[in-house]
Structures are given as structure tokens and as C-alpha cells.
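The values are calculated or read from the model by the stated rules, or taken from the named source; none is laboratory data. Quick caveat: nothing in here was measured; it's all calculated off a predicted structure. Counting neighbours? That spans all protein chains shown, and the Cβs are built from the backbone with ideal geometry, glycine included. Ligands, DNA and RNA are excluded from the accessible area calculation, which covers all protein heavy atoms including side chains. Shrake-Rupley method; radii C 1.70, N 1.55, O 1.52, S 1.80 Å.
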Amino acid sequence: MEVAETIVSVRSLVGAARRRGKKVGLVPTMGALHVGHVSLIEAAVKDCDFVVVSIFVNPTQFGPGEDLEKYPKPFEADLDICVRAGVDVIFAPAPEQMYPVENFTWVTVEKLTEPLCGRGRPTHFRGVTTVCTKLFNIVGPDVAYFGQKDAQQAIVVKRMAADLNMPLEIVVCPTVREPSGLAVSSRNQYLSDQEKEDATNIHKSLEECRRMIGGGVAQAGQIIAGMRAILEEVPSIEIEYVSIVDTESLESVEEISGRVLIAVAVRIGPARLIDNILVDAGE
Ligand code: AMP
């Protein structure tokens, strides 16, 4: 496995692989790798001949007062995980590599970035779509892998790639959870044992939603009230949003009939946590 810290070096490694006819997969991450990231890497290793994992804590997707400075950076552990998973190249640029001068050029996806996380993090998705575009231009992958855990991000990036005719496929992999149901996240490290226990109510609220829809409840308002009641059982949970939205437009759904995305964002102690499930009322 090679570690490339510069754009020139990653381009040269990928270029050589491409000349040998290899199919190139990219897994964009911010590091602090865990089993969720590994599931994406495994999918890439399975589908592709040459796998690049980018590790870059992208400053432009963090807002003022967010956790940019304290974001975990266990680089040696990340290297071990990537070696064991069969990664060919880690692309780990310094911020100055990616943003050598003040950035004047942004990629923004309209509408889809307004609801859900876009409301509380108004510049977040602009940072995500811009850095993904840069990574796609630098690496030139045939396929890029994203997690369902960040459902809105996956939908936004898919739409960006389609709208801008980017020559790659976006694959979305299922959310990996702890046995408790808690979605695995680098930010779970910020939680105490008690807060981790409290955080399992996020998944419980989503499962209650699945149960209600399965039982024939169609009124989103009623379901959201049931979910909020489960989250409010835990005093340490501060709800940012509980939403039931259309899986393509991300617009709120009042009366559930087909497939919907149920998404939750909460704050627990020092961490902001998000989770979601897809439910098909027609099934
Ligand atoms: P991050 O390092 O948090 O930016 O995440 C990098 C990629 O891993 C994103 O596409 C995430 O959606 C994905 N990811 C993070 N956590 C999980 C998880 N628990 N299950 C599946 N994918 C995940």
C-alpha cells in the first residue's frame, strides 16, 4: 500500500493503474476509520481492481463552532485498517494541498441541501460537494463509495454527479450499526458510556417508526410524535430534527404511501449524531 500526500503523487499512482487497465474505486473519508468505513472499502475491493481511500478532514464542510479542531486523527491506526482491508493507495493530503489559496469556486446543489442537516449546517453540503468534486477530479475513479448513514450526503452527491455528467458511478452502502443499534460513527468517540447508552434511543425511535408504518399508520405527524416521545425519554438528548421525507426530493411527506426516508439528528453531550432508515409503506 502506498501513502500519497500530494495530488501529483496520487495522480501518478492512479494513472499507472489505469494504464494497466484497472478499474479504480474511491472511498472518501475523514479518517478515524471504523467498521462503517471498512464496509465501504470492502465493497470497493470487491468491485474494483485498484482502491484509493482518501483521508482528509475537509475544513470547508465544518461551520463555525463545530468540531474541526478536535476531530480525531488516529493516522497510524487508519493505515493498519487500510492495509488489512486491501487498499492500494491512501490519499492523505494536508489542507494546503487541497486549498492552496482562498477558495473562490464552489459546487452547490440546490433544494436537496436545504432541509434536514442543511437547516442547521447551512454551508456544510457546499463543502462536501466541492471537496468531492475535487477528489473526483484528482483521483478520477470509476466508482465512488458512500454510506447510507449520511443519507442526505449520498443523495446530494448522486444528484451532483448526475447533473454535472461526472463520469463515475456512485454506490451507496448500508449503515453499519453496533449490536445496540447505534450507528457506528467517528463522533461516537466523543460520548461517555452513559451517553452511548442514551444514544441507542435514536435507533429505537427509528425502529418504532418502522413498526408504526408496518402497522398501517400513515400520518407522518403521528409517527414523528411517537419518535420524539422515545427520544425525549432521555434527558441528555436534544432533538435537532425528526423528519419523514421523500427519498428523491427530500421534501416532507404528510401521508405516507410509498418509500420514505426517516431521518433524525440529535445532540448528546458533545456530539451531534445523525441516523436514518428507509421504509417502504407499500411492502
Ligand atoms: P466520514 O469519515 O464520517 O466522512 O465518512 C466517510 C464515509 O463513510 C461516508 O460516505 C459515510 O457515510 C460512511 N460511513 C460513516 N459511518 C458509516 C456507517 N456506520 N455505516 C456505513 N457507512 C458509514
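The alpha carbon centroids of the stretch 109-127 and the stretch 151-199 are separated by 15 Å.
Amide H to amide H, with H built 1.01 Å from N, Ser54 comes under 5 Å of Val27, Thr29, Phe91, counting only residues 5 or more places away or on other chains. In sequence order, the stretch 182-189 has phi-based couplings of 4, 5, 5, 8, 4, 6, 4, 4 Hz under the Karplus curve 6.51 cos²θ - 1.76 cosθ + 1.60, θ = phi - 60°, and Gly or Pro positions carry x. Over all projection directions, the Cα-based convex hull of the stretch 59-182 averages an area of 9.3 nm².
Of Ala43, Ala16, Ala220, which has the largest mean-square fluctuation in a 10 Å C-alpha GNM of the chain? In the Gaussian network model the winner is Ala16. Which of rounded, prolate, oblate describes the chain, given a ≥ b ≥ c as roots of the alpha-carbon gyration tensor eigenvalues and a/c under 1.5 marking rounded, otherwise prolate only if a/b is larger than b/c? Cα axes put the chain in the prolate bin.
Count the DSSP beta bridges whose two residues both fall in the chain, then state the antiparallel fraction as a percent rounded to the nearest 5.
Values: 22 of 41 bridges.
Bridges in the chain are about 55 percent antiparallel.
How large is the accessible surface per residue of the stretch 58-195, computed with a 1.4 Å probe and reported in Å² as a whole number?
Value for the stretch 58-195: 49 Å² per residue.
Between Arg159, Arg84, Arg126, the GNM of the chain built on Cα springs shorter than 10 angstrom shows Arg84 fluctuating the most.
Show me the helices of the chain, taken as full DSSP H stretches, that run 30 Å or more along their long axis by Cα and average -1.0 or above in Kyte-Doolittle hydropathy. Membrane-span-like by this criterion, though nothing is claimed about a membrane: none.
Computed from point charges on the beta carbon alone (+1 for Lys and Arg, -1 for Asp and Glu), the dipole magnitude for the chain about its Cα centre is near 760 Debye. A simple rule links phi to the HN-Hα coupling: the Karplus curve 6.51 cos²θ - 1.76 cosθ + 1.60 with θ = phi - 60°, which for the stretch 109-121 gives 9, 7, 6, 5, 9, 7, x, 6, 5, x, 5, x, 10 Hz, with x for Gly and Pro. 3J(HN,Hα) along the stretch 254-266, derived from phi through the Karplus expression 6.51 cos²θ - 1.76 cosθ + 1.60 where θ = phi - 60°, amounts to 8, 10, 7, 10, x, 7, 10, 9, 10, 10, 10, 10, 9 Hz, with x in place of Gly and Pro.
Label the stretch 127-283 by shape, choosing from rounded, prolate and oblate, from the square roots a ≥ b ≥ c of the eigenvalues of the Cα gyration tensor; if a/c is under 1.5 it is rounded, and otherwise prolate applies when a/b is larger than b/c, oblate when it is not. Oblate, since a/c reaches 1.5 and b/c is not below a/b.
Note on the stretch 1-132: Cα Rg divided by 2.2 N^0.38 Å, N the number of residues, gives 1.12. Of the solvent-accessible surface of the stretch 1-159, computed with a 1.4 Å probe and all protein chains present, 52% belongs to carbon and sulfur.
Database remark: amide H of Val107 closer than 5 angstrom to the amide H of Thr130 (H placed geometrically; neighbours at sequence offset of 5 or more, or on other chains; Pro and chain starts carry no H). Averaged over residues, the count of other Cβ atoms within 10 Å places the peptides 264-276, 181-193 in the sequence 264-276, 181-193, highest first.
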